[in-house]
Amino acid sequence: MKRREFLDLSLKMGVGMALGASALNSAFANQKVKRMADSGLDALSSTRVLNNSVRIPVMGFGTSRVKGKEGIAAITEALKFGYKLIDTAQMYDTEKEIAAAISASGVNRKDIFITSKIDNYQGTYNDAMESFHASLENLKTDYLDLYLIHFPEPTDFKDKWLERDLEIWSAMEKLYADKKIRAIGVSNFYEKHLKAFLPKCNVKPAVNQIEIHPFYVEEKLIAMCREHGMIMEAYSPLSRGGEVLENPLLKSMAKKYNKSVSQIMIRWSMQMGFIPIPRSMNAGRIRENGSVFDFVISGTDMHEILSLKSIDKKLIPVQK
């Protein structure tokens, strides 16, 4: 994809990507950016459209390490506050907590978008089928909205990762065809994985969930995913917290917009066209993270925030 075409695509999504200083300044100076960023980003119930026409919420709630009674309380709080997308994985071991929280919240299952991910030790078609049905049982549901391959290169399949991924994917394609899953996708897939994987898929992934935050943006990967019609979900959208929340630029943005640093980072992610999935066990922060729909970050400020990115700021090590 040429730079101009990528910039046009980014603008359509309310996004300005790192295409060089002159292109960025031109893009973000355009008032269309503000209008497009604002469109469809006005509530937790707002959605984006996947490549199979399924609608996915613009923001989610992550459940890694959100376990036990406190975890159930946190997920229940998120659902009651209005979060529609709940993200889990077999590796997280929080599917039962989600089922309990849905019951406690009183929110109708059909109004919740549940994502899970297949565990790394699953390696065959039958493994995938059994693993999927175990997730359904844990979640007390008869379908998933989105199912992902969690990692492309599990340690046990290092030399045959592509064969393993395609075997798992064939089971996921079958479940998708049988309408047991509304959409299928991948997680932590980088360029080398997608280049090998995509040409052999009958159903193209709808989503690639990777680490994205203002301090870590994989520009070439994001461009590749968009070219193939994949929406990017951003895990760890608040980076590591702590020192990040004390970043002078982000603190100045927070003061300017009368918001918290966390809210600035989450809103930035959405305006970049990503689906952020923040996680918290604190009820106040859960509500704060979800209260990002009453302001729009200007194009100039989006550019300034993007300038924070550094290849050294990745938190989760993934082989590329």
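Restricting attention to the range 234-261, the residues being modelled with pLDDT under 95 and of a type in the set (Val, Ile, Thr) number 1. For SER64, state whether it is surrounded by fewer than 19 Cβ atoms within 10 Å (Cβ to Cβ) and hydroxyl-bearing (Ser, Thr, Tyr). When the stated conditions are applied, SER64 passes them.
TRP268 falls short on exactly one of the conditions (1) in contact with a helix residue (DSSP H, G or I) (Cβ under 6 Å, 6 or more places away or on another chain); (2) part of a loop (DSSP other than H, G, I, E, B), and that condition is (2). Here ILE266 meets the list (1) under 22 Å from ASP87 (Cβ atoms); (2) in contact (Cβ under 8 Å) with a residue 60 or more places away in the chain; (3) surrounded by fewer than 21 Cβ atoms within 10 Å (Cβ to Cβ) almost entirely, failing just condition (3). Before we move on, is ALA234 part of a helix (DSSP H, G or I), open to solvent by less than 20 Å² (accessible area, probe 1.4 Å) and touching a Ser or Thr at 6+ places or on another chain (Cβ under 9 Å)? When the stated conditions are applied, ALA234 does not pass them.
Only residues that are open to solvent by 40 Å² or more (accessible area, probe 1.4 Å) and among the β-branched types (Val, Ile, Thr) were counted across the range 40-61, and they come to 2. The condition (being open to solvent by less than 10 Å² (accessible area, probe 1.4 Å) and touching a residue at least 24 places away in the same chain (Cβ under 8 Å)) is satisfied by just one residue among ILE102, ILE72, ILE114: ILE114.
Out of curiosity, is ASP119 free of Cβ contacts under 8 Å to residues at least 60 places away in the same chain, closer than 23 Å to ALA206 by Cβ, surrounded by fewer than 24 Cβ atoms within 10 Å (Cβ to Cβ) and of a type outside the set (A, V, I, L, M, F, W, C)? So ASP119 passes the test. The single condition among (1) in contact with a helix residue (DSSP H, G or I) (Cβ under 7 Å, 6 or more places away or on another chain); (2) of a type in the set (Gly, Ala, Ser); (3) over 21 Å from SER64 (Cβ atoms) that ALA234 does not meet is (3).
When you look at PRO205, is it touching a helix residue (DSSP H, G or I) at 6+ places or on another chain (Cβ under 7 Å), in a loop (DSSP other than H, G, I, E, B) and open to solvent by less than 10 Å² (accessible area, probe 1.4 Å), yes or no? No. The residues in the range 110-127 that are at pLDDT 95 or above and under 22 Å from the mean Cα position of the chain (by Cα) can be counted, and the count is 9. I'm checking my understanding of the structure. Among residues of the range 153-200 that are open to solvent by less than 10 Å² (accessible area, probe 1.4 Å) and part of a loop (DSSP other than H, G, I, E, B), which one is nearest to ASN120 (Cα to Cα)? Restricting to residues being open to solvent by less than 10 Å² (accessible area, probe 1.4 Å) and part of a loop (DSSP other than H, G, I, E, B), the top hit is PRO154.
Checking GLY299, GLY229, GLY273 one by one, the residue that is in contact with a Lys or Arg (Cβ under 7 Å, 6 or more places away or on another chain) and surrounded by 21 or more Cβ atoms within 10 Å (Cβ to Cβ) is GLY299 and no other.
The values are calculated or read from the model by the stated rules, or taken from the named source; none is laboratory data. Everything numeric in this text was worked out from a predicted model, so none of it was measured. Here Cβ is always computed from backbone atoms with ideal geometry, including for glycine, and neighbour counts include all displayed protein chains. What goes into the accessible areas is simple: the full protein's heavy atoms, side chains included, and nothing from ligands, DNA or RNA. Shrake-Rupley method; radii C 1.70, N 1.55, O 1.52, S 1.80 Å.
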